[in-house]
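Shown next, in C-alpha cells, is the structure this report addresses.
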Amino acid sequence: MTVHTGRHFLQIPGPTNVPDRVLRAMDRPVIDHRGPEFAKLGAEVLEGLRPIFQTRGPVVIYPATGSGAWEAAIVNTLSPGDRVLMSETGHFSNLWREVAQRMGLSVDYLPGNWRRGASPEEVARRLGEDTAHGIKAVMVVHNETSTGVTSRIAEIRKAIDGAKHPALFMVDTISSLGSMDYRHDEWGVDVTVGGSQKGLMLPPGLSFNAISEKALAANTTAKLPRYYWDWQEMLKPNRQGFFPYTPATNLLWGLREALLMLNEEGLANVFRRHQRHAEATRAAVEAWGLEIVCEDAQEYSNSLTGVFMPEGQNADRLRQVILENFDMSLGAGLSKLAGKVFRIGHLGHFNDLMLAGTLSGVEMGLLMAGVPHKAGGVAAALASLVESRQSEIPNAKREGSILLR
Ligand SMILES: Cc1ncc(COP(=O)(O)O)c(C=O)c1O
C-alpha cells in the first residue's frame, strides 16, 4: 500500500476542507451551555449567520446534518395531507421529496432530466392551474449536488408572484450557501435550508433554517407533529443566545471562526472566487473533451462540476485510481448516475493552487486509468485562472512583464 505524504485532497462536493483556523477554534474545552460565555457565543453566531443567508430575519441552528433541516422546514410549516410542488433536479431533490412523502404530504413532482434546474415556466404553469390554491409550498434545491446544476431561484420567485399564488417558497442551499450568491429576503424565500459542511468550511453536524415572517405565521397553524425541530421552542431561548437542548458547542466555536473568515474575505469576493474556480474547472473538462452534466450555461454550479465518463468507462474506477495514486477523493455519481459521473468539488476553503493540484490529479488519473481524453485540460484551467485574476487586478495587463500577456 502506498504511504501518502502531505495533505489529503478532499475534493468531494462536501464535506469540504476545514481551515486550520477553524480546527483550532474548535480545539478547546467544552463550556457550560447554560452559562454566560455560551450566551455570548450563541448570540454572536445566530446574528452572524444572517448576512450569509442575506436575511434580516431569524436563522435557527440545529445540531443535525442537512437532512434534519429539510425535515424541520416541512414540519414547522405544513399539515398532514398538504400538497406541495417540487422539481426533480437529481438525487437530493428525490431525497427531499421522500422526506415530504414520509411526513404525509402529497407531492406534485415536476419531472426533470438531471441536467437542468427547476423550470420557472413549469412552476408558473402548475401554479396558474391551481386556482383553488391547493398547493401549500413550492420546494426547490438551489444547487443540486448530485449533478452540479443550479436552479434560478429569483426567476422561480417571479413565477410564483406572476401566478399570484400564496404558496410558501422553500429552498435547499446546502451546497450553495457561502459559495454562490443567495438572497433569502430579496428572493422572497420563506424557508432556506442550509448545512455546515460545504461553503461554511465546517465539519458536518450543524444545519440551518432561515425563516421569513410568512413562514413564522404558517408555523402557528401547521399541524405536523414536531418536538426537536420546533421553531418556537428554539426561538425563545435563542433570544438570549441559548438553545432548548444541548447545542453542538464546539462546532459553534468553529462556526464563529468560519463566519469571521467569510467576513474578512467579503461575501462578494467569496462568490467571485468560486466563480473563477468553476470557470477554470469547466475549461479543463472541455479541453479534455469530456461532457459536463449541466447542459445549460446559465445553470452551471460554481461549487462543483459533474463530469460524464466517455462511453464504456467507469467513473468509480477512475476515482479509485486517483485515490490510490494521488490521495485525492472526488465525488461519486449518485443513484442513476453511479459509475457514469464523477464530481469535482471546488468549494469552501480553496484557492488557485489547490484547484491546479485537483485538476492535475484528475488529468493524471485519466492517463493512468486509460480513459480516452484530449491533452491540455490543466493548461486550459491555468490559463483561465491567470486571465480571470488579471482581469481583477487594476492595470495588471499593462505590467505585462510580470503577469502573462
Ligand atoms: C443539496 C443537498 N441537500 C441535502 C443534503 C443532505 O444533507 P446531509 O447529508 O447533511 O444530511 C445534501 C448532502 O450532501 C445536499 O448536497
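The values are calculated or read from the model by the stated rules, or taken from the named source; none is laboratory data. Here the structure is a predicted model, which is why all the values come from computation and not from measurement. No Cβ is skipped: glycine too gets one built from the backbone with ideal geometry, and neighbour counts run over all protein chains shown. Areas reflect the complete protein model, heavy atoms only, side chains present, ligands, DNA and RNA absent. Shrake-Rupley method; radii C 1.70, N 1.55, O 1.52, S 1.80 Å.
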Original post:
So residue 224 fits all but one of (1) in a loop (DSSP other than H, G, I, E, B); (2) open to solvent by 30 Å² or more (accessible area, probe 1.4 Å); (3) out of contact with any His (no Cβ under 9 Å at 6 or more places or on another chain); what number is the exception?
Top reply: (2)
Original post:
For residues in segment 160-180 being near the ligand (Cβ under 10 Å from one of its atoms) and among the polar types (S, T, N, Q), which is surrounded by the most Cβ atoms within 10 Å (Cβ to Cβ)?
Top reply: 175
Original post:
For residue 196, are the conditions met, namely being away from the ligand (no atom under 16 Å from the Cβ) and within 22 Å of the chain's Cα centre (by Cα)?
Top reply: no
**OP:** For segment 126-154, name all the residues that are among the hydrophobic types (A, V, I, L, M, F, W, C) and either open to solvent by 10 Å² or more (accessible area, probe 1.4 Å) or within 16 Å of the ligand (Cβ to nearest atom) (or both).
**Re:** 132, 139, 140, 141, 149, 153, 154
**OP:** Within segment 341-356, count every residue that is open to solvent by 10 Å² or more (accessible area, probe 1.4 Å) and touching a helix residue (DSSP H, G or I) at 6+ places or on another chain (Cβ under 6 Å).
**Re:** 1
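Every residue, every condition in (1) closer than 22 Å to residue 142 by Cβ; (2) without any contact (Cβ under 8 Å) to a residue 24 or more places away in the chain; (3) open to solvent by 20 Å² or more (accessible area, probe 1.4 Å); (4) touching a strand residue (DSSP E or B) at 6+ places or on another chain (Cβ under 7 Å), yes or no:
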residue: 2; (1), (2), (3), (4): no, no, yes, no
residue: 20; (1), (2), (3), (4): no, yes, yes, no
residue: 32; (1), (2), (3), (4): no, yes, yes, no
residue: 91; (1), (2), (3), (4): yes, no, yes, no
Subject >> Conditions (1) closer than 20 Å to residue 389 by Cα; (2) open to solvent by 30 Å² or more (accessible area, probe 1.4 Å): number failed by residue 326 >> reply: (1)
Original post:
If we scan segment 211-221, do we find a residue that is in a loop (DSSP other than H, G, I, E, B) and closer than 25 Å to residue 266 by Cα?
Top reply: yes
Original post:
Which ones in segment 199-219 are among the polar types (S, T, N, Q), away from the ligand (no atom under 16 Å from the Cβ) and in contact with a helix residue (DSSP H, G or I) (Cβ under 7 Å, 6 or more places away or on another chain)?
Top reply: 219
**OP:** Go over the candidates 50, 97, 56 one by one and state the one that is of a type in the set (Lys, Arg), open to solvent by 10 Å² or more (accessible area, probe 1.4 Å) and part of a loop (DSSP other than H, G, I, E, B).
**Re:** 56
**OP:** Say whether the condition of being over 15 Å from residue 49 (Cβ atoms), of a type outside the set (Val, Ile, Thr), in contact with a Phe, Trp or Tyr (Cβ under 6 Å, 6 or more places away or on another chain) and more than 16 Å from the ligand (Cβ to nearest atom) is met by at least one residue in segment 252-265.
**Re:** no
**OP:** Count, please, the residues in segment 93-111 that happen to be over 21 Å from residue 165 (Cβ atoms), within 16 Å of the ligand (Cβ to nearest atom) and touching a residue at least 12 places away in the same chain (Cβ under 8 Å).
**Re:** 4
Original post:
Restricting the first residue to segment 127-149 and requiring it to be outside any strand (DSSP E or B), which pairs with a second residue that is within 16 Å of the ligand (Cβ to nearest atom) and among the aromatic types (Phe, Trp, Tyr) meet a Cβ separation below 7 Å and a spacing of at least six or different chains?
Top reply: 142/182; 145/92; 146/92; 147/114
